[in-house]
1. Please figure out what share of the DSSP beta bridges in the chain is antiparallel and state it in percent, rounded to the nearest 5.
2. Calculate the spin-label point distance for S158 paired with D267, positioning each point 7 Å from the Cα along the beta-carbon direction, and give it in nanometres.
3. Tabulate in residue order the Karplus-calculated ³J(HN,Hα) for the range 86-93, using 6.51 cos²θ - 1.76 cosθ + 1.60 with θ = phi - 60°, rounded to whole Hz; enter x for Gly and Pro.
4. Can you give the accessible area of D33, probe radius 1.4 Å, in Å² rounded to 10?
5. Taking springs between alpha-carbon atoms closer than 10 angstrom, which of R239, R39, R225 fluctuates most in the Gaussian network model of the chain?
6. Express the relative contact order of the chain as a whole percentage, based on alpha carbon pairs under 8 Å and six or more residues apart in sequence.
7. Pop the C-beta distance of E199 and R32 into the FRET formula with R0 = 41 Å and round what comes out to the nearest 0.05.
8. Quick one: order M51, M181 from most to least accessible surface, probe 1.4 Å.
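The values are calculated or read from the model by the stated rules, or taken from the named source; none is laboratory data. A quick note: this is a predicted structure, and the numbers were derived from the prediction, not measured. All Cβ positions, even for glycine, are placed from backbone atoms using ideal geometry, and neighbour counts span all protein chains on display. The area values use the complete protein model at the heavy-atom level, side chains included, leaving out ligands, DNA and RNA. Shrake-Rupley method; radii C 1.70, N 1.55, O 1.52, S 1.80 Å.
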Amino acid sequence: MATGPSFPSQTRSSTAPDRSSPVSVATPALMRDLSRGWRAHGQTVGLVPTMGALHAGHMSLVERACAENDRVVVSIFVNPLQFGPHEDLSRYPRSPERDAELLRAAGIDAIYKPSAATMYPPDATTRVVVHGVAEPLEGAARPGHFEGVTTVVAKLFSATEADRAYFGQKDAQQAAVVRRMASDLDMGVEIVVCPTVREPDGLALSSRNAYLSPDERRAATCLSRALRAGARAYQAGERDPARLRAVLREVLDAEPLARVDYAEVVDPATFKAPGALAVLAVRVGQTRLIDNHDLELPFPGQI
Ligand code: AMP
């Protein structure tokens, strides 16, 4: 249950971070009351939507949101609507105590943690569907996934009335789909996309990395190695889409524990070829990993 909001006269940017525990909010009505109270005092609200099991990738979004807004809300909701029937909803990693501790230390204002029953009462039938950019790649590989994402994100925007919302480049197509939705539906939320945070060996941080065995964890570096090879080829002048795809595939196909779902080079707005954004979805053992990189930029790190 939310405690009553307080309204310091100074903004976050002019004060030290508030280390008191964030308010925990469980319903859209309470979330909206809290946010409207802030906004009535001229404060801006930043939202970071997550499914919890927070890691440094999530926290980079939180940090950016804290730097750019007077008030920051982090939502934690493992959204059943975006998981397919044979996906990992029931075993999705959860770490509520650690999440709360990380968010308290970050100095955010509220954790919005609605239940599935609150979000999707039995009589709710509305879904938000984005066409075009939501259709290829992840959209084709995971039918219904983006419809689940856009429906929940629209509800989060509606409950928080956020000025800005923060998403990771790690899920590049998701960010593009959300941007399309916010623009098409005049939602008035600024979509901010933050760079992918990686392990030292290049693996993009993901809650799903926790599923990997030690051998699979080693094999999972094939994604970042493929993106690095693609960036090198592009910077050496290669522009032929088929040859760029072949560079990605050569690295991925050489990894015995990996099975490629797709490896394409697409336009970052439409997610259709041709373009310069290399996008990968690869199964390593039972775990499906995604990653991407703009080939016009050098791949980060040394390896
Ligand atoms: P999730 O909890 O997986 O739904 O992710 C919540 C947000 O964190 C999404 O906008 C993701 O794109 C973002 N995110 C996840 N992993 C990373 C990462 N390694 N670097 C940056 N952002 C990330």
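1. Values: 17 of 36 bridges.
Bridges in the chain that DSSP calls antiparallel: roughly 45 percent.
2. Label-label distance for D267 and S158, simple model: 3.2 nm.
3. 10, 8, 9, 3, 6, 10, 4, x
4. Around 100 Å² of this residue is reachable by solvent.
5. R239
6. RCO, the chain: 17 percent.
7. On the way: r = 38 Å, r/R0 = 0.93.
Working from the Cβ atoms, E equals 0.60.
8. Accessible-area ranking of M51, M181, largest first: M51, M181.
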